[in-house]
Amino acid sequence: MNNQEVTILRIDAVVAITGLPKPTIYRLVKSGKFPKPHKLAERCSGWKSIHIRHWLNNLQQVEG
């Protein structure tokens, strides 16, 4: 089991980590090619850091 801490990332953190602009992230979510955010409050969503790390790892394996 992975011992890395799971945190909730807001959109600005996901942009910084992935290097993707916000519209691209939301377009990829809509097309099913990026993890869906979790609803945190009525107008607040976030991604589990483990899901973003997994997506990045899979992307690197495809490109590598």
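Read-outs throughout are calculated quantities, based only on the coordinates presented, and are distinct from any laboratory measurement. Note that the coordinates shown come from a computational prediction; the quantities given were computed from them, not determined experimentally. Note that each Cβ is placed from the backbone with ideal geometry, even for glycine, and that neighbours are counted across all protein chains shown.
Looking for something exposed (fewer than 10 other Cβ atoms within 10 Å of the Cβ), free of Cβ contacts under 8 Å to residues at least 12 places away in the same chain and hydroxyl-bearing (S, T, Y) - is there at least one such residue anywhere in segment 5-27?
Scanning segment 5-27, I find no residue that is exposed (fewer than 10 other Cβ atoms within 10 Å of the Cβ), free of Cβ contacts under 8 Å to residues at least 12 places away in the same chain and hydroxyl-bearing (S, T, Y), so the answer is no.
What number of residues in segment 34-62 are over 22 Å from Q4 (Cβ atoms) and exposed (fewer than 10 other Cβ atoms within 10 Å of the Cβ)?
3
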